[in-house]
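The values are calculated or read from the model by the stated rules, or taken from the named source; none is laboratory data. Model, not experiment: these values are computed from the prediction. Reconstructed Cβ throughout: ideal geometry from the backbone, glycine too, with neighbour counts over all protein chains shown.
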Amino acid sequence: MKTEQLKIHLLSVSTWLRLPFMLLFWGILQLLKLALFVVVVLQFVFLLFTGDDNENLRRAGASLSSYVYQILRFLSFNTEQKPFPFADWPAGEPVDLDAQPSEDPQDRS
């Protein structure tokens, strides 16, 4: 019985079709690491010269981070949904970590 199940798993077309997508997204992930590094360095340089971060770079970093998250979820088998370019590009809204939580009980979900 176990030999038959193993044969079924090894011959599964859907599993083998997933492999090229996983390799593709692994490669994209490696490029994204470089892109995020550039965003981080540029943000730091911007902060040095202006005293504040750059809103456009913050949005780009948030969007790239969301995309990395989608790729990692796909690669780790937490979703079958393929990330961009097979889905929409993630918006990636920046999170304000300095914002105080709301005290209004209706805001809690």
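Conditions tested, residue by residue: (1) more than 23 Å from L19 (Cα to Cα); (2) touching a Cys at 6+ places or on another chain (Cβ under 9 Å); (3) surrounded by 15 or more Cβ atoms within 10 Å (Cβ to Cβ); (4) among the acidic types (D, E).
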{"site": "L42", "(1), (2), (3), (4)": "yes, no, yes, no"}
{"site": "T50", "(1), (2), (3), (4)": "yes, no, no, no"}
{"site": "S63", "(1), (2), (3), (4)": "yes, no, yes, no"}
{"site": "F74", "(1), (2), (3), (4)": "no, no, yes, no"}
{"site": "Q81", "(1), (2), (3), (4)": "no, no, no, no"}
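Search the stretch 67-109 for residues being among the hydroxyl-bearing types (S, T, Y) and part of a loop (DSSP other than H, G, I, E, B), and hand back the single one that is modelled with the highest pLDDT. Please lay out each step first, then the result.
Residues of the stretch 67-109 among the hydroxyl-bearing types (S, T, Y): 67, 69, 76, 79, 102, 109.
Retained after the next criterion (residues that are part of a loop (DSSP other than H, G, I, E, B)): 76, 79, 102, 109.
Working: S76: 96, T79: 93, S102: 57, S109: 42.
Among those that are among the hydroxyl-bearing types (S, T, Y) and part of a loop (DSSP other than H, G, I, E, B), it is S76.
Assess whether W16 counts as being touching a residue at least 40 places away in the same chain (Cβ under 8 Å) and assigned to a helix (DSSP H, G or I).
When the stated conditions are applied, W16 does not pass them.
Mind checking whether some residue in the stretch 45-57 is closer than 28 Å to P83 by Cα, touching a Pro at 6+ places or on another chain (Cβ under 6 Å) and assigned to a helix (DSSP H, G or I)? Can you show your working first?
Our first condition is that a residue be closer than 28 Å to P83 by Cα; within the stretch 45-57, this holds for 54-57.
Filter again for touching a Pro at 6+ places or on another chain (Cβ under 6 Å), leaving none.
Checked against the condition, which is being closer than 28 Å to P83 by Cα, touching a Pro at 6+ places or on another chain (Cβ under 6 Å) and assigned to a helix (DSSP H, G or I), the stretch 45-57 yields no hits at all.
Which of the residues that make up the stretch 25-56 are of a type in the set (S, T, N, Q) and farther than 14 Å from Y67 by Cα?
Scanning the stretch 25-56 gives Q43, T50, N54, N56.
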